[in-house]
Structures are given as C-alpha cells and as structure tokens.
Amino acid sequence: MIVTIDGPAGAGKSTVASRLAERLGFRYLDTGAMYRALTWLAMQEALPLGDGDKLGALARVNQVELDESGRVSIAGTDVTAAIRQSRIDRMVPVVARHPEVREVMRERQRELAELGDAVIEGRDIGTVVCPDADVKVYLVADRTVREHRRQAERPDIGADALATDLRARDDSDRARMQPAEDAEVIDTSDLDVVNVVDRLEALVRSRFPRSGTRTRVDRSVPTDAGQSPSS
Ligand code: C5P
C-alpha cells in the first residue's frame, strides 16, 4: 500500500508522515530531502543552478541515500544537517523546477514506491509520482501558522527572513502544489500532530481494515530498490 502526503512547506508533512509510517509499520520516504541533497551537491560543486542538463546528469550519477535512522547522504557525504540550512531552503526550488532533475527523481521515487508499504511525502507524489496511490492526503495550513512552525524548527533564523523565504518558496513551488482530485485535503492550522496522525491512521484503516501491523520499526527506505524491505 502507498500513502502519499503532499502540501506546502510548514503544513506539517514530515512529522505527520514519519509518525504515520511508524504506526502502520510502513517505510517513510521524504522526497524533499532528495531534492535538498541534490541542491547541496550542486552548490558544493559550484554548478550553475540554471543548467537543467548538468543538474539532471548530476542527479543521475549521484543517488541520494536515505538510511533507516533518517540520515541523508549523497556522493559519500552525510548531509542530514547541511540540507536544512536556509541557503538550501532558498535554492531547492531553483533546482527542483528543472524537468531533467524531476525526471530522475520521479524514476527513483517510483522504484522505491514499487517496494510497497510506504508513506511518501512531497509536493507531487499523489499527482505525478504515484497517481495510483491507495490513499492520498494533501495537508494545508494558514500561512501564519506555517511561519510559526518554521520558526519553532529554526529559532536561529529571524522571523522576517523566514516569512520571506516561505513566501518565495510557495511562489516557486506553486506549479506543483495542487492536490490530486482524489486527495483528502486536511487543514492542520488548528490541529496538533497527534490529531492529524490519528485522522490519517483512521482514514487508512477505514479504507484498508487489515493494513499496518506496527511490527516493523525500520522507518527506512532501502537504498537499493532490489533489496528486501527489511534489509
Ligand atoms: O518538503 P521540503 O520542504 O523539504 O522540500 C524542499 C523543496 O523540494 C520544496 O520546496 C520543493 O521545491 C522541492 N520538492 C519538490 N517536489 C517534491 C518534494 C520537494 O519539488 N516532491
């Protein structure tokens, strides 16, 4: 079973998706981390971020690795912390908008989805990457709520700078920020994490009563699509 969770930055996707995956005993796949890691590498190598061909080629030869503890690496470097910097926040949409990059990411994300039993979060998962997903969710929240959540995550960054970044990212991501027609849209503005996860778990179980056993504790997605899910 595939559960997709899409929505804008600050809508609560990551926390909710990883907790839901844990409850269901599914894998958790953070597709934003894949775009972030590629952006980090492109900046590291001083590639022009306007060159889709070069970035697509970079993505193809440097697979993003996501391990079971949630660590992210690319080109042999652990970038778990580095990809959360505000310079990456600002530049990811510039990299993510190239069709050459999206094609590589889409292929890789589909391979991972084909392993089954996963909660996958992003922007275009229910619409483009996994249009046949079993359960699709689209989380939204008021902009001020999203700004406050971002501030709580990034106390080191000024509120004004954060608000400006969030607005710029919404504008850049807008083309991909449409809920799938069959997505359940949930406004998380007045809900806490547990409320949202409870709602999603109930949604999944109402559609698939026998889903999820809570037996799996490994939240990872194997880095080799050919590996067994528990490896
Ligand atoms: O989810 P997160 O905020 O980490 O995503 C970072 C950026 O990656 C987004 O702002 C967006 O530009 C890009 N992204 C995307 N498609 C996805 C996931 C993320 O374009 N499926």
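The values are calculated or read from the model by the stated rules, or taken from the named source; none is laboratory data. Since the model is a prediction, treat every value here as computed from it, not as a measurement. Glycine gets a Cβ as well: all are built from the backbone with ideal geometry, and neighbour counts include every protein chain shown. Note: accessible area is taken over every heavy atom of the protein model, side chains too, but ligands, DNA and RNA are not part of it. Shrake-Rupley method; radii C 1.70, N 1.55, O 1.52, S 1.80 Å.
The number of residues in segment 99-117 that are at pLDDT below 95 and open to solvent by less than 20 Å² (accessible area, probe 1.4 Å) comes to 3. Those helices (runs of 4 or more DSSP H) of segment 23-98 in which 2 or more residues are crowded, with 21+ Cβ neighbours inside 10 Å and in contact with a Leu (Cβ under 8 Å, 6 or more places away or on another chain) occupy 31-44, 52-61. When the criteria are applied in full, residue 134 meets the requirement of being in contact with a helix residue (DSSP H, G or I) (Cβ under 9 Å, 6 or more places away or on another chain), touching a residue at least 12 places away in the same chain (Cβ under 8 Å), acidic (Asp, Glu) and within 21 Å of residue 22 (Cα to Cα).
Can residue 32 be described as within 13 Å of the ligand (Cβ to nearest atom) and in contact with a His (Cβ under 9 Å, 6 or more places away or on another chain)?
So residue 32 does not fit the description; no.
Of note, residue 89 does not satisfy the criterion of being at pLDDT below 95, more than 10 Å from the ligand (Cβ to nearest atom) and either of a type in the set (Lys, Arg) or under 19 Å from residue 14 (Cα atoms) (or both). Residues of segment 172-202 that are open to solvent by less than 30 Å² (accessible area, probe 1.4 Å) and in a helix (DSSP H, G or I): 173, 196, 197, 200, 201. Selection of first residues in segment 99-112 that are within 16 Å of residue 127 (Cα to Cα) and of second residues that are charged (D, E, K, R) and within 12 Å of the ligand (Cβ to nearest atom), restricted to Cβ pairs under 9 Å at least 6 apart or on distinct chains, gives the following pairs, ordered by first then second residue: 102/124; 102/176; 106/124. Of everything in segment 119-166 that is open to solvent by 20 Å² or more (accessible area, probe 1.4 Å) and within 26 Å of residue 106 (Cβ to Cβ), the residue that is farthest from the ligand (Cβ to nearest atom) is 134. Restricting segment 68-86 to residues that are among the aliphatic types (A, V, I, L, M) and within 15 Å of the chain's Cα centre (by Cα) leaves a set whose member that is farthest from the ligand (Cβ to nearest atom) is 72.
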